[in-house]
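Let me begin by presenting the structure, written as structure tokens, before commenting on it.
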Amino acid sequence: MKSYINNIPKFLAKFFLLMLIAGQVFAQDSTEVAQVKKKAKPVKNTFGSVWLMDNQTVMVPIKGTLEFDIQHRFGTVKNGAKDLFGFFAPSNIRLGISYAPMQKLFIGAGITKDRMQVDLNAKYALLQQINGKIPVSISYFGNLVIDSRNASNFRYDVHRLSYFNQLIIARKINDKFSAQISPTFSWYNNIEGYVNSNGEIMNKMKNGHFAISVLGRFKISEKSAVIAGYDQPLTQHPTNNPHPNICFGLETTTSAHAFQVFVGNAAGIVPQSNYFFNQNDYTKGQFLIGFNITRLWNF
């Protein structure tokens, strides 16, 4: 009996030691489970804005987000100091507003100076990147654009309409670098034509146009990044084939703002205008300076 009582302190010491070890193991297991759960969440901030220069990104803001866009393209730099490298040349401007009425959906409208184009657009997040499970994020973007110029420019009202469709596939490769590729299809109801020697009406271009866009963003600080993009036309038209667009610049972001300043050779802003009608040839130095400003509010 005495020996049993004498062994109680040793037993209690061993018991508390085992409890301590078990607690550490449990805490470690809990941390590992929490890390697994954390890794299972969708990747955030693949890009800093819904825009990256002339293209939409895969990003869809959270429910209740209201966004106001100002997009500006100066004239080309080809005239040099005559028009201050395009700053005093005729420019193109778009004002837009968008809202997220539900998760994964972003709808908006805008108006562009060129052809007084009014656009109605929507973007939906089809798939979100989850590290270890889903390698990429995928969104669909589409719009309907109305050319609101004087009726004398059109035979029928339906000729005012054009459409744009884009499947956006992106991956946040690491904390600094994100990349995106987007096949696109544009359609214009009305295309410029002419009458040939046989009296036949001939279109100068096809109504539909396929293209592909590649974008990249590399963060150089917590709030700043280097951005670059390339848009390649794929459809061959009878005449007036559009030129590829190459662009690069800098971006800075906050929780409520994004500001991008860049150099590129597309001036259209409305995406189908750029993909269909870009006649600025970057191989001839026909670049222009542009900027995008976005402002976000959350409700």
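The values are calculated or read from the model by the stated rules, or taken from the named source; none is laboratory data. Keep in mind the model is a prediction, meaning the values are calculated, not measured. Using ideal geometry, Cβ is built from the backbone for each residue, glycine included, and neighbour counts are taken over all protein chains shown.
Computed quantities for the displayed model
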{"quantity": "Pairs, first over 14 Å from Ala267 (Cα atoms) in region 101-119, second aromatic (Phe, Trp, Tyr) and in a strand (DSSP E or B), C-beta under 8 Å, six or more apart", "calculated": "Lys104/Tyr124; Leu105/Tyr124; Phe106/Tyr99; Phe106/Tyr124; Ile107/Tyr99; Gly108/Tyr99"}
{"quantity": "Residue that is nearest to Thr46 (Cα to Cα), among those in region 161-187 that are in contact (Cβ under 8 Å) with a residue 40 or more places away in the chain and in contact with a His (Cβ under 8 Å, 6 or more places away or on another chain)", "calculated": "Ser186"}
{"quantity": "Count of region 112-130 residues which are surrounded by fewer than 16 Cβ atoms within 10 Å (Cβ to Cβ) and either under 21 Å from Leu161 (Cβ atoms) or not assigned by TED's automatic domain parsing to the domain that holds Phe291 (or both)", "calculated": "4"}
{"quantity": "For Ile191: the one exception among (1) farther than 21 Å from Ile212 by Cβ; (2) modelled with pLDDT of 95 or more; (3) surrounded by 13 or more Cβ atoms within 10 Å (Cβ to Cβ); (4) out of contact with any helix residue (DSSP H, G or I) (no Cβ under 6 Å at 6 or more places or on another chain)", "calculated": "(2)"}
{"quantity": "Region 194-228: number of residues that are modelled with pLDDT under 90 and either among the charged types (D, E, K, R) or within 17 Å of Val263 (Cα to Cα) (or both)", "calculated": "2"}
{"quantity": "Qualifying positions in region 211-240 - free of Cβ contacts under 8 Å to residues at least 24 places away in the same chain and closer than 18 Å to Asn265 by Cβ", "calculated": "Ala228, Tyr230, Gln232"}
{"quantity": "Within region 83-100, considering residues that are of a type in the set (Gly, Ala, Ser) and not in a loop (DSSP other than H, G, I, E, B), the one farthest from Ser273 (Cα to Cα)", "calculated": "Ala100"}
{"quantity": "Residue pairs meeting the criteria (Cβ under 8 Å; at least 6 apart or on separate chains; first over 10 Å from Asn189 (Cβ atoms), in region 143-160; second surrounded by 12 or more Cβ atoms within 10 Å (Cβ to Cβ) and hydroxyl-bearing (Ser, Thr, Tyr))", "calculated": "Asn143/Tyr163; Leu144/Ser162; Leu144/Tyr163; Val145/Ser162; Val145/Tyr163"}
{"quantity": "Asn274 vs. criteria in contact with a strand residue (DSSP E or B) (Cβ under 8 Å, 6 or more places away or on another chain) and assigned to a loop (DSSP other than H, G, I, E, B)", "calculated": "no"}
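A quick yes/no check of all residues on (1) under 20 Å from Asn174 (Cα atoms); (2) part of a strand (DSSP E or B):
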{"position": "Met59", "(1), (2)": "yes, no"}
{"position": "Lys63", "(1), (2)": "no, no"}
{"position": "His72", "(1), (2)": "no, yes"}
{"position": "Ala81", "(1), (2)": "no, no"}
